[in-house]
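Worksheet: the structure to be examined is printed underneath.
The values are calculated or read from the model by the stated rules, or taken from the named source; none is laboratory data. What you see is a predicted model; the values in this text were computed from it and never measured. Here the Cβ positions follow ideal geometry from the backbone for every residue, glycine too, while neighbour counts run over all protein chains shown. Heavy atoms of the whole protein, side chains included, go into the accessibility calculation; ligands, DNA and RNA do not. Shrake-Rupley method; radii C 1.70, N 1.55, O 1.52, S 1.80 Å.
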Amino acid sequence: MSPSRSLIGQPLFEAGPGFQSQRAWFDALVEAALPQGARPLVWMVRDGERPLLLLPMLSGPGRRLGSLTAAYTCQFQPLAAPGTSGTALKEAGVVIGNACRAWPAATLEALDADWPGLPPLLAGLREAGVVARRFTQFGNWHQPVEGCTWEAYLATRPGSLRETLRRKGKACNRDASVRFEEVRGGTGIGPALAAYEDVYARSWKQPEPSPGFNRALLHRAAAAGALRLGVMRVAGQAVAAQYWVVWRGIATVLKLAHDDAWRALSPGTLLTAHMIRGLIGEGGIAGLDFGRGDDAYKQLWADGRRQRIGVLLANTRRPGGALALARHDAGTWLHHIRKADRQHQV
C-alpha cells in the first residue's frame, strides 16, 4: 500500500456516509471556509492500482495538520472503498500514520464514535508510531421516520410541542399575510438566500465564522438536487429561514434562524414543522438529522443522540508532538477533576 496526493480516487467521495462526504461539500469548504494560510491536502491510500481510502486533510500555518473540517461539519469520516476489511483499514492506518509523522501532531474532528472502521484505523496509526487520543466533541440528534406519516411522527413528539403547533398554527391559518416558501434550485435561490441572510443578521445568533460558506454550499446542494431552503414570511417580510440537505434518505438541517421580534408567533417552530411535514410527505426520507450540537430545542424533534469525537494524533518523537500530547492529557485530567468536584458538591 502507498499514499498519494492525487485526486484520481474521486469515486471514493461517493463511498461516504452522507452529503458531507461528497466532493461538493469539500469544494464548498475549500472555497469559503478555509482558515487563512491553510490549504487542502487529500491523501489517498492505494492497494496496488485500487484506491482503498481517501482522507481529506487540511495543512495550516505553523505546522498544523487536521481533517478537512470546519464549524459546519456534522460528520467527518475517512472514505474507504466499499467492502474494505478491518485488516485493510489497519494497514491503511499504518500508511496514514507514516505520512502524519512528518508533522508534530494532527487532529481528526467530527468522527462518529461508533464507526466500525475507527478501531482498526487507529490501531494502524499506533502501529506506525503515532499516539492516538480520543476526545469528546459534540452530540448529533436524529430521528427515524421511514414509513411514518406526519401525523404518526407528530404523535411521538412532546405534548408541549404539539400544543404550540396547534395554537400558533391556528393563528397563522387566520392570517392571510403568513406564507411559507420552499426553494430547491433555479432562480428562486437568490431571493430565498437573501431572505435567509437577512433573518440570520436579525437573529440571536453569533456572526458566521465563514460568511461565504452558506452561499457556496447552497448552490452546490441545489445543483445536486439536495437542497430544501425554507422561508416563513409575514406580510412579505422574512421572519424565519432554514435549510436542509437531503441525501440518500437522510434529511439534515444545517442552519436555521428566526427574528426574535416575532417570537410570539413561534416562527422557527412553525417553519421547522412545515419543512419536516414536507420532507416526510415527499417520501423516501428514512431519517431526520439535526446536525451539530446539543441545543435544547432538538430534543423536541428527535429522540436519538450520537456522539461525535475527535482524535489527537501525536508524533512524540518531535518536541511539538510531545507538547501537544502533554497539553491534551493535562486538559483531560483537569476536566475529570472539575467534573468530580461538581458531582461532590451536588
Q. Which lysines have a Cα less than 28 Å from the Cα of LYS255, not counting those fewer than 8 places away in the same chain?
A. LYS168, LYS170, LYS205, LYS298
Q: Give the angle, between 0 and 90 degrees and rounded to the nearest 10, that separates the Cα long axis of helix 23-32 from the longest principal axis of the Cα atoms of the chain.
A: 90 degrees
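Once you sort the root eigenvalues of the Cα gyration tensor of the stretch 31-178 as a ≥ b ≥ c, which label holds: rounded (a/c under 1.5), prolate (a/b larger than b/c) or oblate (the other case)?
On the way: a/c = 2.99, a/b = 2.11, b/c = 1.42.
In terms of gyration-tensor shape, prolate.
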Q) In a GNM of the chain with a 10 Å cut-off on Cα contacts, which of PHE13, PHE290, PHE180 has the highest mean-square fluctuation? A) PHE180
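Just round it to a whole percent: the fraction of Cα-Cα distances in the stretch 112-170 exceeding 13 Å. Mind dumping the intermediate values first?
Values: 1296 of 1711 pairs.
Every Cα pair in the stretch 112-170 considered, those over 13 Å come to 76 percent.
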(Q) Taking a ≥ b ≥ c as the square roots of the Cα gyration tensor eigenvalues, with a/c under 1.5 meaning rounded and otherwise prolate when a/b beats b/c, else oblate, which class fits the stretch 150-214? (A) prolate
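Counting residues in the stretch 97-136 as N, plug N into 2.2 N^0.38 Å and put the Cα Rg over that result.
On the way: Rg = 10.3 Å, N = 40, 2.2 N^0.38 = 8.9 Å.
Normalised by 2.2 N^0.38 Å, the Cα Rg of the stretch 97-136 equals 1.15.
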Q) Per residue of the chain, what 222 nm ellipticity follows from adding -39500 (n - 2.57) for every DSSP H run with n ≥ 4, rounded to the nearest 500? A) -12000 deg cm²/dmol
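Quick one: work out Rg over Rh on the C-alpha atoms of the stretch 248-346, Rh as Kirkwood radius.
On the way: Rg = 20.9 Å, Rh = 17.9 Å.
Here the Rg-to-Rh quotient is 1.17.
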Q: For the chain, give the percent of accessible area contributed by carbon and sulfur heavy atoms, probe 1.4 Å, rounded to a whole number.
A: 53 percent
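Sort TYR196, TYR297 from largest to smallest accessible area, using a 1.4 Å probe on the heavy atoms of the protein chains. List each step's numbers first, then the result.
Values: TYR196 5, TYR297 75 Å².
Accessible-area ranking of TYR196, TYR297, largest first: TYR297, TYR196.
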Q: Go ahead and set up a Gaussian network model of the chain, Cα springs under 10 Å, then flag whichever of ALA81, ALA15, ALA102 fluctuates most.
A: ALA102
Q.
I'd like to check one number: the per residue accessible area of the chain, probe 1.4 Å, reported in Å² as a whole number.
A. 46 Å²
Q: With springs only between Cα atoms under 10 Å apart, run a GNM on the chain and tell me which of ALA88, ALA155, ALA99 wobbles the most.
A: ALA155
Q | Among [x] 28, 27, 19; [y] 39, 23, 19; [z] 31, 26, 23, the entry derived from the coordinates for semi-axes √(5λ) of the Cα gyration tensor in Å | A | [y]
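About its Cα centre, how strong a charge dipole does the stretch 254-346 have in debye, to the nearest 20, once Lys and Arg get +1 and Asp and Glu get -1 at the Cβ? Intermediate results must be reported in sequence, preceding the final value.
Working: 14 positive and 9 negative charges, 103 e Å.
Dipole of the stretch 254-346, to the nearest 20 debye: 500 debye.
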